[in-house]
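Working notes for the structure below.
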Amino acid sequence: MSEFTDSPSGKAEGNFGCASSVTSEGSLIGEGKAMSPMKILVVDDEEAVVALCEHALAKQGFEVRGAYNGADAVRLASSEQFKLVLLDMLMPGMDGMDVFQSLKMKQEGILAVLMTGYGTMDSAIRAIELGFSGFLRKPFTPEKLVTVVKDSIQKAAHIHENARLKSLVPLYALGEKFIKSGTEEEIFGELIETVFRQTGARRISIMLSWS
């Protein structure tokens with residue numbers, strides 16, 4: 001077992017978990033077993049749109065909450081964690097983009113899909129800049145809704161997985177160096193150098209145990 005500390009009181013432990021993905025029923029899968037359903041927030045001042053989204057997504061296994069304005073959406077996000085939010089672009093008070101910015105302050109990793117019947121190139125560019133991962137042009141079918149939501153979640157999962165794999169590259173390189181190293185001192189030297197290069201830690205300690 002190895003431990004690395006970057007301060008006299010802090011320890012950093014490695015954890016190489018499995019990546020998560022969404023099932024066809026809207027549940028999160030990780031470490032070989034299904035976990036709790038993903039929660040989605042739907043925000044639109046039209047009750048019919050909220051009802052359509054709630055019904056279609058619930059049939060896919062998602063847990064869905066509805067809000068009819070931005071203020072209610074922000075209040076919900078203060079007490080519940082959501083994987084994704086569906087936002088109408090034009091609403092009284094806060095518009096969909098303003099709501100998304102407020103939600104990101106509370107839940108940094110939340111995904112967002114913009115719903116609009118009045119899309120322009122300028123609004124699309126602004127939405128992309130803000131980090132929206134999908135778009136739905138009104139009116140839309142339940143099938144189109146489900147496709148866009150699942151595509152947004154899968155795309156985010158792929159980005160996360162690519163970042164995770166990229167972070168493991170130095171460890172693979174370190175393993176090759178271990179094979180080529182002839183002495184215990186050389187192995188420890190390579191290990192310390194790699195940890196320092198990746199973390200910038202001021203202090204590194206190693207604890208080894210043999211069974």
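The values are calculated or read from the model by the stated rules, or taken from the named source; none is laboratory data. In this text the structure is predicted, and so the values were computed from the model without any measurement. Using ideal geometry, Cβ is built from the backbone for each residue, glycine included, and neighbour counts are taken over all protein chains shown.
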Practice item. Would you mind telling me which numbered condition in (1) small (G, A, S); (2) in contact with a Leu (Cβ under 8 Å, 6 or more places away or on another chain); (3) not in a helix (DSSP H, G or I) A73 fails? Key: (3)
Exercise for review: Just need a number here: residues in region 95-140 that are in contact with a Gly (Cβ under 8 Å, 6 or more places away or on another chain), part of a helix (DSSP H, G or I) and over 18 Å from Y68 (Cα atoms).
Suggested key: 1
Review point. In region 74-96, how many residues are closer than 23 Å to P142 by Cα and touching a Lys or Arg at 6+ places or on another chain (Cβ under 9 Å)?
Key: 4
Review point. E47: without any contact (Cβ under 8 Å) to a residue 24 or more places away in the chain and surrounded by 14 or more Cβ atoms within 10 Å (Cβ to Cβ), yes or no?
Key: no
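On the basis of being in contact with a Ser or Thr (Cβ under 9 Å, 6 or more places away or on another chain), free of Cβ contacts under 8 Å to residues at least 60 places away in the same chain and part of a strand (DSSP E or B), does L90 make the cut?
Details: in contact with a Ser or Thr (Cβ under 9 Å, 6 or more places away or on another chain): yes; free of Cβ contacts under 8 Å to residues at least 60 places away in the same chain: yes; part of a strand (DSSP E or B): no.
So L90 fails the test.
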Review point. Just one of the numbered conditions (1) surrounded by 21 or more Cβ atoms within 10 Å (Cβ to Cβ); (2) over 18 Å from the mean Cα position of the chain (by Cα); (3) at pLDDT 95 or above is not true of F62; which one?
Key: (2)
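Restricting region 125-142 to residues that are loosely packed, with under 15 Cβ neighbours inside 10 Å and without any contact (Cβ under 8 Å) to a residue 24 or more places away in the chain, which is farthest from I40 (Cα to Cα)? Reasoning before the result, please.
First pass over region 125-142, keeping only residues loosely packed, with under 15 Cβ neighbours inside 10 Å: 125-126, 128-129, 131, 137-139, 141-142.
So of that shortlist, the ones also without any contact (Cβ under 8 Å) to a residue 24 or more places away in the chain come out as 125, 128-129, 137, 139, 141.
Details: I125: 24, I128: 20, E129: 22, R137: 19, P139: 20, T141: 18 Å.
This residue is I125.
Is it true that some residue in region 91-112 is over 21 Å from the mean Cα position of the chain (by Cα) and surrounded by fewer than 15 Cβ atoms within 10 Å (Cβ to Cβ)? Steps first, please.
Here is the first cut: in region 91-112, the residues over 21 Å from the mean Cα position of the chain (by Cα) are 91-95.
Now restrict to residues that are surrounded by fewer than 15 Cβ atoms within 10 Å (Cβ to Cβ): 92-93.
There is at least one residue in region 91-112 that is over 21 Å from the mean Cα position of the chain (by Cα) and surrounded by fewer than 15 Cβ atoms within 10 Å (Cβ to Cβ).
Conditions (1) in contact with a helix residue (DSSP H, G or I) (Cβ under 8 Å, 6 or more places away or on another chain); (2) over 24 Å from T120 (Cα atoms); (3) of a type in the set (S, T, Y), marked per residue:
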residue	(1), (2), (3)
A56	yes, yes, no
F62	yes, yes, no
G70	yes, no, no
Q81	no, yes, no
D88	yes, no, no
Check your understanding: Has region 66-83 got at least one residue that is among the aromatic types (F, W, Y), without any contact (Cβ under 8 Å) to a residue 60 or more places away in the chain and exposed (fewer than 15 other Cβ atoms within 10 Å of the Cβ)?
Key -> no
